[in-house]
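To start, the structure itself, in structure tokens.
The values are calculated or read from the model by the stated rules, or taken from the named source; none is laboratory data. As the structure is a computational prediction, the values presented were derived from the model and not from experiment. Don't worry about glycine lacking a Cβ; one is built from the backbone with ideal geometry, like all the others, and counts go over all protein chains shown.
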Amino acid sequence: MKALYALYSDPDAAQRAVNALKLSGGSLGIGERQIVVVTAEPFDGYDFSDEHSQTRIFLLASLGGVVGALFGLWFTRFTQLAYPLPTGGMPVVTSWTNGIIIYELTMLGAIATTLITLLITAGLPHFGEQLSDPEIWHGKILVGVTNPPDRARLELESQLRQAGAAEVKTA
Amino acid sequence: MAKTAEQIRADLLRPVFRSGPAYWLAVGVSGSMVLAGVFAFSYQVYHGLGVWGLNWPVFWAFDITNFVFWIGISHAGTLISAILRLANAGWRRPVTRCAEAITVFALSIGAIIPICHLGRPWLFFWLVPYPSERHIWPNFRSPLLWDFFAILTYLTGSTIFLFLPIIPDAAAARDLAHGWRKKLYALLSLGWQGNPKQWHRLESAMHIMAIAIIPVAVSVHTIVSWDFAMTPVPMWHSTIFGPYFVCGAIFSGVAALILAMALLRKFLHLEEYLEPIHFDHLGKLLLTMSLLWFYFTFAERLTTWYGNDVAEMSVFWSSIRQNFAPLFWTMITCNLIIPFPLLAIKRFRTITGTAIASTTIVVGMWIERFLIIVPTLEHKFLPYSWGTYRPTWVEITLMVAGFGMMALLYLLFSKLVPMISMWELEAGVRKAPIYRHQAVAFEPSGARARAGVREAEPLATDLSR
């Protein structure tokens, strides 16, 4: 992977860089997916961050909960009917006590789905090459372009500098 | 003094990368306690459960006390962290990871104890609901099986809740570490990059986990209480047991959290992060829980006394006036009389004051669990079946080993990841001066205004919001 990037101390400058790259992207032959922002913390309230805020993770977690509940319902009924053992004067299928198991499996379904959805939508785990710089852990924001066309390099460098970058790096 | 992101990372990663002799001494002491427990357990496996002090009619005692105690300790961590996250309390940031780690470790220790109690612990997998060769499924009507599902769900949820915010910190450590640590953190970070999409997904997942974990936490200790309350035994068969146990669990858990924070602050030199304001806030919560616990204790005892049932009164008097009276009044002293002034009077609600109160509460709550279990079993309905219980060295050693294991796991964890979430702390103080000096060259944009970014504030003020 080749990349051209700059580091910014200020999120406003990073936002300006992203805006400039997006504006000129079409003419320079750069797709939006090639523009990369990397930070050491979430930057809610900035467009470069908020444009990714739409997610179905809540809906999927709820569906996971429903699946867990249905599994719990089937699991408890099936096992009790498979070996109908009367206990303590209770019916074979005991809704009150099964409710506890169903509840726990509902929550387990929601929790497991949340984790799975997070991993899939966040692209984790990912052990391949990706754009980063140790400077981000010192408070810098990385804005860059992956695999930029050679003809656009000078123009991209200029835009990254105009947004406030002291240095433009390559990877 | 305000800190930069770089300083925050350096301060919080220092205890991970470097250890002093005090750390290794603590590992040695706690490790010795665990080894003593391994020896006691091996002795028990070789000789059988007869080496415990259990005898008719008391078949649950120290071990179940420890089980309930550790499940209770596990309560505060994830529950408190989830509530504070949902409430968006700024002061939570240095506290949450310490708390969440307590949950995972205490719950793991709690889950081991019933396995020790099995008599044939190598057949522990019989607890798992699966059809055996006789095609008999475990009994879903038994509260002990409810425990299995509740602990499974809570342990899974708490572990994920602890692990998720570690991912970005592991990525930071990956990029700053060398050698085997770099490989370890590369694995732990799952290849985290830190792009905005990942941040949003992580925050959304954390939000859902916080919502889901609260009812699960409440259900776990309620179900533990039902192990007792479902049994028609004097002073167990009570509708108050669910909330009483939950209250007691949060009470002991908050105390354990304060104690752990005080020790971490001292030994990992986190004085600038775990500030007096955090102990003050948690101290107020502890005071509330102390009063609530006393309210439940009083309500439970009053109802029993007023009902004047012969069997219940025999348990009642044994704990208040007879052979368990010293333990009962020690419990009241530890859980109310000592903590109340320390936590209610602002001048005493210091780090030392809250740590002393927490220590007595941890002791008092262990005694409370013991007093719920043993006096009742010693005084069931028929006087001819009454008996006494005395713990043996094996049970006492296993109890001590539980505390040793908690300390050891906590110490090893503090060597693996920063005990304070670095990225959450930085996100919390971003609006404070730490970034201001780096940002003055650029004019503020609408985005900054939309984000509600505030001007310079001291670090402590921002964290305590």
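Details
- Residue tally, condition at pLDDT below 85 and more than 8 Å from chain B (Cβ to nearest Cβ), over the stretch A:123-134: 1
- Exactly one residue among B:123, B:144, B:162, B:152 is assigned to a helix (DSSP H, G or I) and crowded, with 17+ Cβ neighbours inside 10 Å, and that residue is B:162.
- Test for residue B:290: is it modelled with pLDDT of 95 or more and over 30 Å from residue B:23 (Cβ atoms): yes
- The set of residues in the stretch A:135-171 being over 25 Å from residue B:9 (Cβ atoms) and within 13 Å of chain B (Cβ to nearest Cβ) consists of A:146, A:162, A:163.
- Residue within the stretch B:83-95 that is touching a Ser or Thr at 6+ places or on another chain (Cβ under 6 Å) and more than 28 Å from residue B:226 (Cβ to Cβ) present: yes
- Matching residues in the stretch A:65-107 - criterion: being touching a residue at least 40 places away in the same chain (Cβ under 8 Å) and more than 10 Å from chain B (Cβ to nearest Cβ): A:66, A:67, A:69
- Hits in the stretch A:1-27 - residues which are among the hydrophobic types (A, V, I, L, M, F, W, C), surrounded by fewer than 17 Cβ atoms within 10 Å (Cβ to Cβ) and either more than 22 Å from the chain's Cα centre (by Cα) or closer than 14 Å to residue A:156 by Cβ (or both): A:23
- Residue B:170 meets the conditions (1) in contact with a Leu (Cβ under 9 Å, 6 or more places away or on another chain); (2) at the interface with another protein chain (Cβ under 7 Å from one of its Cβ atoms); (3) not in a loop (DSSP other than H, G, I, E, B) in every case but one. The failed one is (2).
- Scanning the stretch B:390-427 for residues that are buried (at least 21 other Cβ atoms within 10 Å of the Cβ) and not in a helix (DSSP H, G or I) yields a count of 5.
- Restricting attention to the stretch B:198-228, the residues that are of a type in the set (Gly, Ala, Ser), more than 9 Å from chain A (Cβ to nearest Cβ) and touching a Leu at 6+ places or on another chain (Cβ under 8 Å) add up to 2.
- Looking across the stretch B:1-29 at every residue that is touching a residue at least 60 places away in the same chain (Cβ under 8 Å) and farther than 29 Å from residue B:428 by Cα, the one that is surrounded by the most Cβ atoms within 10 Å (Cβ to Cβ) is identified as B:26.
- Residue in the stretch B:190-213 that is more than 26 Å from the chain's Cα centre (by Cα) and among the aliphatic types (A, V, I, L, M) present: yes
- Members of the stretch B:378-389 that are without any contact (Cβ under 8 Å) to a residue 24 or more places away in the chain and part of a helix (DSSP H, G or I): B:384
- From the list B:42, B:32, the one residue that fits, being under 23 Å from the mean Cα position of the chain (by Cα), of a type in the set (S, T, N, Q) and surrounded by fewer than 17 Cβ atoms within 10 Å (Cβ to Cβ), is B:32.
- Pick from the stretch A:1-33, criterion away from chain B (no Cβ under 13 Å), modelled with pLDDT of 85 or more and not in a helix (DSSP H, G or I), ranking: farthest from residue A:133 (Cα to Cα): A:4
- Residue within the stretch B:178-186 that is hydrophobic (A, V, I, L, M, F, W, C) and within 10 Å of chain A (Cβ to nearest Cβ) present: yes
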